[in-house]
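The values are calculated or read from the model by the stated rules, or taken from the named source; none is laboratory data. Since the model is a prediction, treat every value here as computed from it, not as a measurement. When we count neighbours, we look across all protein chains shown, and the Cβ atoms used for this are built from the backbone with ideal geometry, even at glycine.
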Amino acid sequence: AQRVTQPEKLLSVFKGAPVELKCNYSYSGSPELFWYVQYSRQRLQLLLRHISRESIKGFTADLNKGETSFHLKKPFAQEEDSAMYYCALSGSSNTGKLIFGQGTTLQVKP
Amino acid sequence: NAGVMQNPRHLVRRRGQEARLRCSPMKGHSHVYWYRQLPEEGLKFMVYLQKENIIDESGMPKERFSAEFPKEGPSILRIQQVVRGDSAAYFCASSPGVGTAYEQYFGPGTRLTVT
């Protein structure tokens, strides 16, 4: 079965501390993985996708097929990073439908 | 570009009534996705539509739920005879093309409350 698991409901760190938001997936093919973010009172938006291998707002994520993980990392958290983060898997490259994890709230304290 | 529009933003219905949720995609986008978010859960795919066609409805409940995306006008998600378990946030996303090469742009969601 196709599944995305984000084990932490809430992650609280201090400003300047490293951040790692965990994401594990279950998929029987070649996955396409994404991180979406929802800031307070804003819409869900794409943060990054594994296929582009880019860094957005200081965040990176590496696909580890051996561990079936796609953890989101940032070396130094900022207060403006506080948001809800969702890991998502493309269940079908033909239709683009997304399978989301439960989400992790990141709280960056001053 | 105004972004994906959804209305109403909040909808209250009594058990047994019908709920109609509307989604206007971004200009130039002809692909629409509907997702449902139950309390304390992530978003779950419901249906993918192109203009006048349902492409993938594998996430739609078998009864009471239907979706359309007519040639003119918004996409509509219709829930007949609502029950308390239908209370959720319903999100629509649109994209300019098919597949994961194209980013999905999300609307603000419609919060349905069934009393």
Exercise for review: Mind counting the residues in the range A:80-101 that are in contact (Cβ under 8 Å) with a residue 24 or more places away in the chain and either within 14 Å of A:Cys23 (Cα to Cα) or in contact with a strand residue (DSSP E or B) (Cβ under 7 Å, 6 or more places away or on another chain) (or both)?
Suggested key: 15
Practice item. Scan the range B:86-99 and give yes if some residue there is away from chain A (no Cβ under 13 Å), over 11 Å from the mean Cα position of the chain (by Cα), in contact (Cβ under 8 Å) with a residue 12 or more places away in the chain and in a loop (DSSP other than H, G, I, E, B), otherwise no. Key: yes
Point to revise | Set A:Pro18, A:Pro7: member being surrounded by fewer than 17 Cβ atoms within 10 Å (Cβ to Cβ) and more than 14 Å from chain B (Cβ to nearest Cβ) | key: A:Pro18
Check your understanding: Scanning for something within 13 Å of chain B (Cβ to nearest Cβ), hydrophobic (A, V, I, L, M, F, W, C) and in a loop (DSSP other than H, G, I, E, B), does the range A:79-92 turn up at least one residue?
Key -> no
Review point. Only one of (1) part of a strand (DSSP E or B); (2) touching a Gly at 6+ places or on another chain (Cβ under 7 Å) is not met by B:Met26, so which one is it?
Key: (1)
Review point. For B:Arg64, all conditions in the list (1) touching a helix residue (DSSP H, G or I) at 6+ places or on another chain (Cβ under 9 Å); (2) farther than 23 Å from A:Tyr36 by Cβ; (3) touching a residue at least 40 places away in the same chain (Cβ under 8 Å) hold save one; what is the number of the exception?
Key: (3)
Study note, to complete from the structure: Filter the range B:1-17 for residues that are of a type outside the set (A, V, I, L, M) and part of a strand (DSSP E or B); the one that is surrounded by the fewest Cβ atoms within 10 Å (Cβ to Cβ) is B:His10
Practice item. Considering (1) more than 12 Å from chain A (Cβ to nearest Cβ); (2) free of Cβ contacts under 8 Å to residues at least 60 places away in the same chain; (3) hydrophobic (A, V, I, L, M, F, W, C), say which one B:Val82 fails and leave the rest. Key: (2)
Check your understanding: Out of B:Gly107, B:Gly59, which single residue is facing chain A (nearest Cβ under 10 Å) and surrounded by fewer than 22 Cβ atoms within 10 Å (Cβ to Cβ)?
Key -> B:Gly59
Review point. When the residues of the range B:33-56 are filtered to those that are within 8 Å of chain A (Cβ to nearest Cβ) and among the hydrophobic types (A, V, I, L, M, F, W, C), which remaining residue is surrounded by the fewest Cβ atoms within 10 Å (Cβ to Cβ)?
Key: B:Ile55
Exercise for review: State yes or no: is A:Ala83 of a type outside the set (S, T, N, Q) and surrounded by 15 or more Cβ atoms within 10 Å (Cβ to Cβ)?
Suggested key: yes
Practice item. Any residue in the range A:62-79 that's within 15 Å of A:Leu47 (Cα to Cα): show its pairings with residues that are at pLDDT 95 or above and surrounded by fewer than 11 Cβ atoms within 10 Å (Cβ to Cβ) at Cβ separation under 8 Å, as long as the two are six or more apart or on different chains. Key: A:Lys73/A:Pro18; A:Lys74/A:Pro18
Practice item. Confirm whether A:Lys57 is surrounded by fewer than 14 Cβ atoms within 10 Å (Cβ to Cβ) and closer than 21 Å to A:Lys109 by Cα. Key: yes
